[in-house]
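In what follows, a single structure is set out as structure tokens and then discussed.
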Amino acid sequence: MAALIAPSILSADFANLERDLNAISTADYAHVDVMDNHFVPNLTLGLPVFERLAQVSPVPIDAHLMIEDPDRWAPAYAEAGAASVTFHAEAAAAPVRLARELRRLGARAGLALRPATPVEPFLDLLAEVDMILVMTVEPGFGGQSFIEGTLPKIRRARAAVSASGLDVWIQVDGGVSRSTIERAADAGANVFVAGSAVYGAESVPGEIEALRALADAAHAH
Ligand code: DX5
Ligand code: ZN
């Protein structure tokens, strides 16, 4: 299980997004946070900006939609070229139908859970998704502290995926840094989003490499 690193451009310079995407060319994905000021109390960017990011990104784009009514809006992100589109379980009216639509459009389908949302009600959907995103902070802002209380949920999600025999990825997002990534990896996460840790580092490629090495070492134990 090779660790995948997905830096979040929420911590990039929004006046220099192409430059800051090129800075993470050694990452596995570029994580793009779409917020609508309704599902979360923050507003980032929408489809017109996203389409351009997908055109210029040196790495595949992992869209994290923190929006209301993803049933209506998420497919356009797949059509815009996202390699992966993750919508929130709390916001989707028909998650299975939406996941199938995203896959039909050629994207990986991800299901995100807020820290307080249990994974158990969604375990019957495992065959319908490619990734479960366990939020390790309350969604909305970068630079928050990793919520340690989410580790048991990551473990339960990983145990269910292993038992199913399906290749569903488990992503963590929020407060991921050199000091927390090993615990998340040990709990069973294999995709790691990091915003402030990567873009706040002295060397962006150096930080991506360091995070990947720590996660790979934790998996090897
Ligand atoms: C928060 C976003 C995250 C955010 C993570 O709601 O989903 O992707 O950028 O930022 P850090 O890594 O700084 O906690
Ligand atoms: Zn995110």
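Going residue by residue through segment 10-28, is there one that turns out to be part of a strand (DSSP E or B), under 28 Å from Ile181 (Cα atoms) and not basic (Lys, Arg)? Within segment 10-28 (the criterion being part of a strand (DSSP E or B), under 28 Å from Ile181 (Cα atoms) and not basic (Lys, Arg)), the answer is no, since none of the residues qualifies.
Yes/no per residue for (1) acidic (Asp, Glu); (2) farther than 27 Å from Ser196 by Cβ; (3) under 16 Å from the mean Cα position of the chain (by Cα):
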position	(1), (2), (3)
Asn37	no, no, no
Pro41	no, no, no
Thr44	no, no, yes
Ser57	no, no, no
Asp62	yes, no, yes
Met66	no, no, yes
Pro75	no, yes, no
Glu101	yes, yes, no
Arg104	no, yes, no
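Going through segment 177-200 one residue at a time, which ones are open to solvent by less than 20 Å² (accessible area, probe 1.4 Å) and within 20 Å of Ala30 (Cβ to Cβ)? Passing the criteria: Ile181, Ala184, Ala189, Asn190, Val191, Phe192, Val193, Ala194, Gly195, Val198.
Residue-by-condition table, conditions (1) under 21 Å from Gly140 (Cβ atoms); (2) in contact with a Phe, Trp or Tyr (Cβ under 8 Å, 6 or more places away or on another chain); (3) away from ligand 1 (no atom under 13 Å from the Cβ); (4) among the charged types (D, E, K, R):
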{"position": "His31", "(1), (2), (3), (4)": "yes, no, no, no"}
{"position": "His38", "(1), (2), (3), (4)": "yes, no, yes, no"}
{"position": "Thr44", "(1), (2), (3), (4)": "yes, no, no, no"}
{"position": "Asp62", "(1), (2), (3), (4)": "yes, yes, no, yes"}
{"position": "Leu65", "(1), (2), (3), (4)": "yes, yes, no, no"}
{"position": "Trp73", "(1), (2), (3), (4)": "yes, no, yes, no"}
{"position": "Ala80", "(1), (2), (3), (4)": "no, yes, yes, no"}
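Remark: Leu126 matches the filter, which requires a residue to be open to solvent by less than 20 Å² (accessible area, probe 1.4 Å) and in contact (Cβ under 8 Å) with a residue 40 or more places away in the chain. Within segment 131-138, the presence of a residue that is out of contact with any His (no Cβ under 7 Å at 6 or more places or on another chain) and at positive phi is excluded.
Checking each residue in segment 59-104 for being more than 19 Å from Leu45 (Cα to Cα) and open to solvent by 50 Å² or more (accessible area, probe 1.4 Å) picks out Glu90, Ala93, Arg97, Arg100, Glu101, Arg103, Arg104.
Within segment 147-176, the set of residues being closer than 27 Å to Thr44 by Cβ and surrounded by fewer than 20 Cβ atoms within 10 Å (Cβ to Cβ) comprises Ile147, Glu148, Gly149, Trp169.
Can you find, within segment 168-206, the residue that is nearest to ligand 1 (Cβ to nearest atom) among those that are in contact (Cβ under 8 Å) with a residue 12 or more places away in the chain and charged (D, E, K, R)? Checking each candidate, the answer is Asp173. Just one residue in the set Leu98, Leu102 is free of Cβ contacts under 8 Å to residues at least 40 places away in the same chain and closer than 22 Å to Asn190 by Cβ; that residue is Leu102. For first residues located in segment 110-121 and charged (D, E, K, R), partners that are open to solvent by 20 Å² or more (accessible area, probe 1.4 Å) and lie 6+ apart or on another chain with Cβ distances below 8 Å form the pairs Arg114/Glu90; Arg114/Glu138; Glu120/Arg156. When Pro115 is evaluated against the numbered criteria (1) more than 17 Å from the chain's Cα centre (by Cα); (2) open to solvent by 20 Å² or more (accessible area, probe 1.4 Å), which criterion, by number, is the only one it fails? It fails just one condition, (1).
Only one entry of Leu125, Leu166, Leu133 meets the criterion of being closer than 25 Å to Glu101 by Cβ and either at pLDDT below 95 or part of a loop (DSSP other than H, G, I, E, B) (or both), and that entry is Leu166. Can Ala2 be described as within 15 Å of ligand 1 (Cβ to nearest atom), at pLDDT 95 or above and either under 30 Å from Ala218 (Cβ atoms) or surrounded by fewer than 19 Cβ atoms within 10 Å (Cβ to Cβ) (or both)? Considered against the rule, which asks whether it is within 15 Å of ligand 1 (Cβ to nearest atom), at pLDDT 95 or above and either under 30 Å from Ala218 (Cβ atoms) or surrounded by fewer than 19 Cβ atoms within 10 Å (Cβ to Cβ) (or both), Ala2 comes out as no.
The values are calculated or read from the model by the stated rules, or taken from the named source; none is laboratory data. Given the structure is predicted, the values throughout are model-derived calculations rather than measurements. Glycine gets a Cβ as well: all are built from the backbone with ideal geometry, and neighbour counts include every protein chain shown. Remember, those area values only see protein heavy atoms, side chains included, never the ligands or the DNA or RNA. Shrake-Rupley method; radii C 1.70, N 1.55, O 1.52, S 1.80 Å.
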